[in-house]
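**Student:** Have a look at this one before I ask anything.
The values are calculated or read from the model by the stated rules, or taken from the named source; none is laboratory data. All figures in this text were calculated on a predicted structure; none of them were measured in a lab. Note: ideal-geometry Cβ built from the backbone for every residue, glycine included; neighbour counts use all protein chains shown. We work out accessible area using only protein heavy atoms, side chains counted, and drop any ligands, DNA or RNA first. Shrake-Rupley method; radii C 1.70, N 1.55, O 1.52, S 1.80 Å.
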Amino acid sequence: MIDRLRSRACSFNELQEHVIRKLENDDIDTTFEYAIRTFERDKKGIATLFGIDIHYNRKDKTYAIDEAEIEDQSVTRMIDAFSIHHALQEGNKLSPSVFLEKRKSLGTEHIHGIIHAIQNGTVLQFTYQKHWEDFSSQRKVYPIAIKESQQRWYLVALDKKNDVVKTFGLDRISNLKITETKFKPLAYNVEKEFKHAFGVETYEAAEKVVLEFSKQQGNYIKTFPLHESQRIVEESEDSVILEFFIHTTNDIKMELLKYGSDVKVIAPISLQEEIKNRISEMYNLYK
């Protein structure tokens, strides 16, 4: 129903035919009648599950969805997850036709407990192991949010060790404990604080970054933007120049190195020099 109503407004009869046709295609018994009361129940289910309201236009006698509600990233991701789940069920009935990457993010088993702590304002305790240290440490934090970046999940929280908001990779958390200790809500705007971040790092000032991509790579970046601030500055037969406003942290530097000779840093000069130095260090590894 969501897919149908996203494309255009429909009467109940049109929706009824669409739903029955889809069920028949899925080899589901459709001897029952898809009645208006069933539709009303499904409307409530969609509102509860996805937060999407299906509106009725009395003049046209049609149902529709406000596209602005679908633009919410969490709603889009949930719809995508259901679509993928359905595709996997259908595509793999006889023989595998949908193949997923075997790489997966670790630590996702903590997500439910962390969300519970965020919603109830309770302190979290856990053991944390940094990748660049040989020892682990005990942390007590006020959880604020969970953030995703490049198929990894992070906890955004106030670390009580020094009262600084930090990000903790869920794959490095162990012995997670949800305490009964309450804390007052923190005045911290996650969306604002990470607005100019590529990834989860914000320790450098945000600044304008101009990159020149090869035409082929530039076309790919245009369809899957690196950052929401991305805009096209210039295009030619050979290249695409893009501009961003981001924190020039290690996350973006590693991303640029991934593209090899298909990208050149135009500005700022400091970032250009940093990339040149890293390329030089890479070259020395193969001498």
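**Student:** Kindly check whether there is at least one residue in segment 24-46 that is surrounded by 13 or more Cβ atoms within 10 Å (Cβ to Cβ), more than 33 Å from the chain's Cα centre (by Cα) and either at pLDDT below 85 or of a type in the set (A, V, I, L, M) (or both).
**Tutor:** Yes, there is a match, as at least one residue in segment 24-46 is surrounded by 13 or more Cβ atoms within 10 Å (Cβ to Cβ), more than 33 Å from the chain's Cα centre (by Cα) and either at pLDDT below 85 or of a type in the set (A, V, I, L, M) (or both).
**Student:** Please give the number of the condition A267 fails out of (1) under 23 Å from A197 (Cβ atoms); (2) open to solvent by 80 Å² or more (accessible area, probe 1.4 Å); (3) at pLDDT 95 or above; (4) of a type in the set (A, V, I, L, M, F, W, C).
**Tutor:** (2) is the only condition that A267 fails.
**Student:** While we're here: Can you work out which of the residues in segment 68-84 that are modelled with pLDDT under 70 and either of a type in the set (A, V, I, L, M) or in contact with a helix residue (DSSP H, G or I) (Cβ under 8 Å, 6 or more places away or on another chain) (or both) is most open to solvent (accessible area, probe 1.4 Å)?
**Tutor:** Here the answer is A68.
**Student:** Would you mention how many residues in segment 103-117 are open to solvent by less than 60 Å² (accessible area, probe 1.4 Å) and not in a helix (DSSP H, G or I)?
**Tutor:** Total satisfying the criteria: 2.
**Student:** Would you confirm whether any residue within segment 213-234 is surrounded by fewer than 16 Cβ atoms within 10 Å (Cβ to Cβ), under 21 Å from the mean Cα position of the chain (by Cα), of a type in the set (F, W, Y) and over 30 Å from V164 (Cβ atoms)?
**Tutor:** Within segment 213-234 (the criterion being surrounded by fewer than 16 Cβ atoms within 10 Å (Cβ to Cβ), under 21 Å from the mean Cα position of the chain (by Cα), of a type in the set (F, W, Y) and over 30 Å from V164 (Cβ atoms)), the answer is yes, since at least one residue qualifies.
**Student:** Another question, if that's okay. Taking G169 as the residue in question, decide whether it is at positive phi and of a type in the set (G, A, S).
**Tutor:** Judged against the criteria, G169 is not a match.
**Student:** I'm told E243 meets every condition in (1) at pLDDT 95 or above; (2) over 23 Å from the mean Cα position of the chain (by Cα); (3) not aliphatic (A, V, I, L, M) except one. Can you identify the failing condition by its number?
**Tutor:** Condition not satisfied by E243: (2).
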